[in-house]
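Taking it in order: structure first as structure tokens, then the write-up.
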Amino acid sequence: MKEDLLHYIWKYKKYPNTRLKTTSGSAVLIKAVGMHNQLSGSDFFNASLEIDGQIWAGNVEIHLKSSDWYAHNHEKDTSYNNVILHVVWEDDVSVFRADGSEIPTLELKNFISDELLVNYKKLFHGAKDRTINCQSDIKIISDFTFNNWMERLYFERLEHKSQVISELLETSKNDWEKVLFILLFKNFGSKINGNHFFEIAKSLDFSIVRKLYNKPLELEGLLFGLTGLLSNVNELDPYQKKLKTAFDFLVHKHELTGDVFGKAEFFKLRPSNFPTIRLSQFAALYASNNNLFQDLMHLEGRDLSALFNCKASSYWDTHFTFGKTSGKRAKTISKKFIDLLVINTIMPLKFCYQKHNGIPLTDSFTQDIEHIAKEDNAIIQRFLDLDVTVESAKDTQALLELYHNYCSTNKCLQCAVGTALLNLKH
């Protein structure tokens, strides 16, 4: 028995409310279970009960054993004086308030069905040996339940991503253009350089970027310089020298501190994802569009992706790094990379923007991500191996939310799949 199951039982009234009695024999009628509290303090606030005909309003505390009250030092905390019912699995000791009055105790173990306990044990038995607790039973969940849960999970993921956006908006005084710049720059850095680029973009005065619209060489020089890629200039490479000259000029003009963030990494990256290529593509994107944020917020589908149809400067047609030539090929942004930008940057930002401005979400909002192919990674493959239907990036984003915030943290009793299995009739 674990406390989270007792919370679930209490919250969803998985007990016969008509014949409950306290351990002292008083009849209990639950009128309102209260608001589940995930923070410090009593487990449920503002509950309403009837005990032997008298109405009580207050908080409910839940423990495995009554003695846990003292193990957790609640008797020393005055905030627990307004507890009106102590709900436990096993009552092993009486509990008293500061004024000496005994807190009524409801012992649950005699009121819970064996079926629910069997389902709970099956869900968690051997959990340490599984990647996903419900992996043997997830396919028996109805499509209706699972699809509704997936829909909710996708928006939960957007809400979680919105937390970073909200923090950036606060520090930038609601400068949406700057927030877009920061998020895009981070994602152009991918996993290897993402955090590095994120810190650079946050600290950079965005007014400088605004002044470099239609100046790709200067913007490229700024970005290459700030990421440490101009620290050792090859005098025989004219293009690198031009970038360094542009960077030095901007450092002097805007009193920047160059090269303070360390150097962008190449290790473990494929050439097409080298920071040199990504920075040049990013500079081309921003130098060619001075209305990028508004365009991204109002365009949909293919038009949305078309905004990223840009390429690195011509120097990079024959290079992946400075000074070393390669076969000629234009370094355009691939569709797969554009999809990642839409998934990880544009959709969360668009969600935040519409919510911030009171714009209702329409079907077209989710259609944008439903038209993007499913992501391919180890976590998604685990669900595919369980025959879970995955059709688009919306599904993969929902499954990533499910795995990271429910499966891997054993929050099965807060998951629609877990609770459906818990209430399964045999």
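Summary table below
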item	result
Within region 149-252, helices (runs of 4 or more DSSP H) holding 3 or more residues that are aromatic (Phe, Trp, Tyr)	176-188
Selection status of residue 68, out of contact with any helix residue (DSSP H, G or I) (no Cβ under 7 Å at 6 or more places or on another chain), under 29 Å from residue 424 (Cα atoms) and either at pLDDT below 95 or not assigned by TED's automatic domain parsing to the domain that holds residue 422 (or both)	no
Selection within region 349-369 - in a helix (DSSP H, G or I) and of a type in the set (Val, Ile, Thr)	366, 369
Qualifying residue in region 327-348 (condition: part of a loop (DSSP other than H, G, I, E, B), outside the structural domain of residue 158 (by TED's automatic domain parsing) and touching a residue at least 60 places away in the same chain (Cβ under 8 Å))	yes
Lone qualifier among 99, 143, 91, 77 - being more than 30 Å from residue 201 (Cα to Cα), of a type in the set (Asp, Glu), surrounded by 17 or more Cβ atoms within 10 Å (Cβ to Cβ) and not assigned by TED's automatic domain parsing to the domain that holds residue 342	91
Which numbered condition residue 303 misses (of (1) within 27 Å of residue 162 (Cβ to Cβ); (2) more than 25 Å from the chain's Cα centre (by Cα); (3) free of Cβ contacts under 8 Å to residues at least 40 places away in the same chain; (4) assigned to a loop (DSSP other than H, G, I, E, B))	(4)
Unmet requirement for residue 265, which otherwise passes all of (1) part of a loop (DSSP other than H, G, I, E, B); (2) of a type outside the set (Ser, Thr, Tyr); (3) over 20 Å from residue 183 (Cα atoms)	(3)
Single condition residue 418 does not satisfy, out of (1) within 18 Å of residue 157 (Cα to Cα); (2) of a type in the set (Gly, Ala, Ser); (3) more than 17 Å from the chain's Cα centre (by Cα)	(1)
Some residue of region 291-300 being assigned by TED's automatic domain parsing to the domain that holds residue 229, loosely packed, with under 13 Cβ neighbours inside 10 Å and not in a helix (DSSP H, G or I)	yes
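The values are calculated or read from the model by the stated rules, or taken from the named source; none is laboratory data. Worth saying up front: this structure is predicted, and the values here are computed from it rather than measured. Neighbour counts run over all protein chains shown; Cβ positions are idealised from the backbone, glycine included.
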